[in-house]
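FYI, it's all coordinate maths here, none of it is from the lab. Predicted model only: the values in this text are computed from it and were never measured. Cβ: placed from backbone, ideal geometry, glycine included. Neighbour counts: every protein chain shown.
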Amino acid sequence: MSRLAVVTGGGTGIGRATAGMLAGEGYDVIIVGRRPDVLAEAVKWIGPQATAVTADCADPAQLPTLVEAVAGRPVDVLVNNAGAFISPSPAASSSPAAPSSPAAPSSPGVAPSPGAAASSGAVASPGAAASPGAADGGADLAELAARWRATFDSNVTTAVLTTEALRPFLRRPGGRVILTSSIAAQRGGGGPYSAAKAALHGWMFDLATQLGPEGITANVIAPGYVTDSEFFTGRMTEEGHRHRVEATLVKRAGLPDDIAEAVRWLAGPGGTFVTGQIINVNGGSVLGR
Ligand SMILES: NC(=O)c1ccc[n+]([C@@H]2O[C@H](COP(=O)([O-])OP(=O)(O)OC[C@H]3O[C@@H](n4cnc5c(N)ncnc54)[C@H](OP(=O)(O)O)[C@@H]3O)[C@@H](O)[C@H]2O)c1
């Protein structure tokens with residue numbers, strides 16, 4: 001029987017490229033996402049080795065559908081790739097106490113401008129409480145709480161629940177767990193997005209420690225700026241693109257295949273002795289962390 005891979009967020013962008021690469025390597029691939037039409041298109045693109053499961057990976061009630069699809073087979077590769085940058089609401093963006101706009105230079109994939117880290121943080125600056133829009137102190141905090149929770153759900157809870165649901169089925173020995181983080185985890189600038197991706201790193205250390213003795217590796221891939229996905233839909237400008245490309249040493253944007261190649265290495269024989277690591281695939285935008 002073929003080896004089995006599960007890729008969350010496999011309907012678009014990096015996840016779709018990764019699922020396509022794994023199918024090309026001979027894996028049966030289950031892709032997971034919330035939109036059945038998008039998944040159906042991706043299955044067509046990937047080919048007959050792909051099947052789709054429609055599920056919100058942040059919802060514990062929806063994970064059993066994925067477990068059913070796995071049907072007791074050993075999972076050779078689990079790629080926890082689902083995630084998103086949750087933009088602040090327009091009202092919150094216009095408030096001085098709110099996180100900075102994702103289109104500003106402080107968004108993920110771009111070096112923050114001086115002072116950007118302070119403006120993208122969750123802690124209001126002195127005097128912010130007296131500013132218009134934060135006068136009662138409640139409205140902004142409610143928005144902030146909703147955005148942080150949604151961001152952690154999207155980027156952390158998805159990975160935790162999917163991994164825990166499939167943990168009993170991971171191939172022993174030989175299984176691979178891969179988490180998609182971001183360059184934003186290393187240099188900030190994305191507010192809750194940076195924090196959520198950084199949380200994956202700490203959790204991955206535990207995962208690698210727990211699973212290592214069972215012959216399973218766990219690693220994080222931290223992509224830099226990657227185009228040809230839905231990640232920046234509606235929030236990218238020409239200048240933002242240029243700025244991000246300039247921030248790389250190789251003077252180009254990343255492509256979903258660049259990340260899929262890192263998965264190929266970690267999932268293949270070359271990845272056997274690599275665990276508990278953060279693999280940067282960012283064109284040199286952040287050096288050697
Ligand atoms: N593009 C970049 O520059 C970049 C840089 C660093 C890191 N990343 C990370 O790379 C990963 C893939 O991003 P991408 O660039 O390929 O963007 P993308 O095209 O938006 O892919 C994200 C995928 O995750 C799925 N997804 C989101 N929330 C989900 C949930 N709760 N349950 C199940 N599926 C969910 C989405 O499908 P549905 O909406 O249909 O569920 C979508 O297919 C993300 O974790 C992102 O944070 C991207």
Of those in segment 42-60 that are more than 21 Å from the chain's Cα centre (by Cα) and more than 30 Å from PRO173 (Cβ to Cβ), the residue surrounded by the most Cβ atoms within 10 Å (Cβ to Cβ) is TRP45
Please count how many residues of segment 230-266 are closer than 17 Å to ALA17 by Cα, in a helix (DSSP H, G or I) and out of contact with any helix residue (DSSP H, G or I) (no Cβ under 7 Å at 6 or more places or on another chain). 4
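So that you can scan it fast, the table gives a plain yes or no per residue for (1) near the ligand (Cβ under 7 Å from one of its atoms); (2) surrounded by 22 or more Cβ atoms within 10 Å (Cβ to Cβ); (3) of a type in the set (Ser, Thr, Tyr):
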site: ARG3; (1), (2), (3): no, no, no
site: GLY11; (1), (2), (3): yes, yes, no
site: ARG16; (1), (2), (3): no, yes, no
site: LEU22; (1), (2), (3): no, yes, no
site: ASP28; (1), (2), (3): no, no, no
site: GLY33; (1), (2), (3): yes, yes, no
If you go through segment 226-260, how many residues are near the ligand (Cβ under 10 Å from one of its atoms), among the hydroxyl-bearing types (Ser, Thr, Tyr) and either within 16 Å of ASN280 (Cα to Cα) or loosely packed, with under 11 Cβ neighbours inside 10 Å (or both)? 1
Using the structure shown, decide if PRO48 is out of contact with any helix residue (DSSP H, G or I) (no Cβ under 6 Å at 6 or more places or on another chain), without any contact (Cβ under 8 Å) to a residue 12 or more places away in the chain and not charged (D, E, K, R). yes
Would a scan of segment 205-220 turn up a residue that is in a loop (DSSP other than H, G, I, E, B), buried (at least 23 other Cβ atoms within 10 Å of the Cβ) and within 14 Å of the chain's Cα centre (by Cα)? no
Would you check if there is a residue in segment 66-75 being touching an Asp or Glu at 6+ places or on another chain (Cβ under 7 Å), under 30 Å from ARG149 (Cα atoms), more than 8 Å from the ligand (Cβ to nearest atom) and not acidic (Asp, Glu)? no
